[in-house]
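Comments concern the structure below.
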Amino acid sequence: MTTLISNPFGFLFSPRRQWQAVGKLSDASLPSKLLYAIILAAGPSAAWYYGATKVGWTVGDGGVILLSEASAFRIVIAFYFAMLASLAIIGYFIHWMADTYGSDSSMVKGMVVASYTATPLFIAGLCGVYPVFWFDMLLGIASLCWSVYLLYIGIPAVMHIPEERGFLYASAVVGVCMVIFMALMGGVVILWDNGLAPVFVDG
């Protein structure tokens, strides 16, 4: 079961089976699963660092745009911790809303559910190693849609509630995610005004 759950691609190709395995985990084994997000979140960060500093991207007929290594490093570190913080907040709300929908939960279980739900985003983020704006945008939208789908099928399986109630539960979590996304956009603006703005170099 550990091998099954530790396979990120399983959440792409056999998600129901993956969630069933997660739902069978004991509470004592859940804390170790938090390493899943800690490890996988490093992939997109490293990929975008390489892509932004070594490959670059083009806008229209212009030249290649690159970030300085120091600037890119600061941004990807902030990006990494923002991902983990967002998952922790989403996990908290998954736990906090559990009683409302007739489920038993814990903060750790909520964070584990949030982490596994983000799997498509982690995998899609690896494409940052070769930045192509239109492709990355399409892939990002597709991975976001798959993450939402994972949430809708995962909540009933892991929280052990009927699918009808799980649909309402997952919808409430999606609402929380939208608020967090808007807060992150505001945070980016603030950070850019306080020393985290990208520094471009000639490609």
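Looking at the stretch 16-28, which of its residues are in contact (Cβ under 8 Å) with a residue 60 or more places away in the chain and more than 14 Å from Ser115 (Cβ to Cβ)?
Of everything in the stretch 16-28, those that are in contact (Cβ under 8 Å) with a residue 60 or more places away in the chain and more than 14 Å from Ser115 (Cβ to Cβ) turn out to be Arg16, Gln20, Gly23, Asp27.
Filter the stretch 119-162 down to residues that are closer than 30 Å to Lys24 by Cβ and of a type in the set (Val, Ile, Thr) and give me whichever is farthest from the chain's Cα centre (by Cα).
Top of the filtered list is Ile161.
If I ask for residues that are crowded, with 17+ Cβ neighbours inside 10 Å and among the small types (Gly, Ala, Ser), which ones from the stretch 22-42 would you list?
Ala37, Ala41 - these are the residues of the stretch 22-42 that are crowded, with 17+ Cβ neighbours inside 10 Å and among the small types (Gly, Ala, Ser).
Here's a check for you: in the stretch 44-57, which residue that is in a helix (DSSP H, G or I) and of a type in the set (Phe, Trp, Tyr) is least open to solvent (accessible area, probe 1.4 Å)?
Tyr49
Could you count how many residues in the stretch 115-132 are outside any helix (DSSP H, G or I) and closer than 21 Å to Leu150 by Cα?
So the answer is 1.
Give me the pairs, please: first residue somewhere in the stretch 133-145 and farther than 23 Å from Gly56 by Cβ, second residue anywhere and open to solvent by less than 60 Å² (accessible area, probe 1.4 Å), beta-carbon distance under 6 Å, and either six or more positions apart or on two chains.
none
I'd like the full set of residues that are of a type outside the set (Ser, Thr, Tyr), open to solvent by 40 Å² or more (accessible area, probe 1.4 Å), closer than 17 Å to Ser171 by Cα and under 21 Å from the mean Cα position of the chain (by Cα), limited to the stretch 80-106.
Once the filter is applied, which keeps residues that are of a type outside the set (Ser, Thr, Tyr), open to solvent by 40 Å² or more (accessible area, probe 1.4 Å), closer than 17 Å to Ser171 by Cα and under 21 Å from the mean Cα position of the chain (by Cα), the stretch 80-106 yields Ile89, Phe93, His95, Trp96.
Inspect the stretch 152-159 for any residue being closer than 20 Å to Ala37 by Cβ, hydroxyl-bearing (Ser, Thr, Tyr) and either loosely packed, with under 15 Cβ neighbours inside 10 Å or free of Cβ contacts under 8 Å to residues at least 40 places away in the same chain (or both) and give the result as yes or no.
Within the stretch 152-159, one or more residues are closer than 20 Å to Ala37 by Cβ, hydroxyl-bearing (Ser, Thr, Tyr) and either loosely packed, with under 15 Cβ neighbours inside 10 Å or free of Cβ contacts under 8 Å to residues at least 40 places away in the same chain (or both).
Would you confirm whether any residue within the stretch 58-74 is in contact (Cβ under 8 Å) with a residue 40 or more places away in the chain, closer than 23 Å to Leu151 by Cα, open to solvent by 20 Å² or more (accessible area, probe 1.4 Å) and not acidic (Asp, Glu)?
Looking through the stretch 58-74, none of the residues is in contact (Cβ under 8 Å) with a residue 40 or more places away in the chain, closer than 23 Å to Leu151 by Cα, open to solvent by 20 Å² or more (accessible area, probe 1.4 Å) and not acidic (Asp, Glu).
Among the numbered conditions (1) modelled with pLDDT of 95 or more; (2) more than 22 Å from Leu35 (Cβ to Cβ); (3) crowded, with 16+ Cβ neighbours inside 10 Å, tell me where Tyr149 comes up short.
Against the list (1) modelled with pLDDT of 95 or more; (2) more than 22 Å from Leu35 (Cβ to Cβ); (3) crowded, with 16+ Cβ neighbours inside 10 Å, Tyr149 comes up short only on (3).
Here's the yes/no breakdown for (1) aromatic (Phe, Trp, Tyr); (2) open to solvent by less than 30 Å² (accessible area, probe 1.4 Å); (3) at pLDDT 95 or above:
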position: Gly128; (1), (2), (3): no, yes, no
position: Cys145; (1), (2), (3): no, no, yes
position: Ile161; (1), (2), (3): no, yes, yes
position: Gly166; (1), (2), (3): no, yes, yes
position: Ser171; (1), (2), (3): no, no, yes
position: Leu184; (1), (2), (3): no, no, no
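Do the conditions hold for Val188, that is, is it surrounded by 18 or more Cβ atoms within 10 Å (Cβ to Cβ) and assigned to a helix (DSSP H, G or I)?
In short, no.
The values are calculated or read from the model by the stated rules, or taken from the named source; none is laboratory data. Note that the structure is a prediction, hence the values are computed from the model and not measured. When we count neighbours, we look across all protein chains shown, and the Cβ atoms used for this are built from the backbone with ideal geometry, even at glycine. All accessible areas refer to the heavy atoms of the entire protein, side chains included, with ligands and DNA or RNA removed. Shrake-Rupley method; radii C 1.70, N 1.55, O 1.52, S 1.80 Å.
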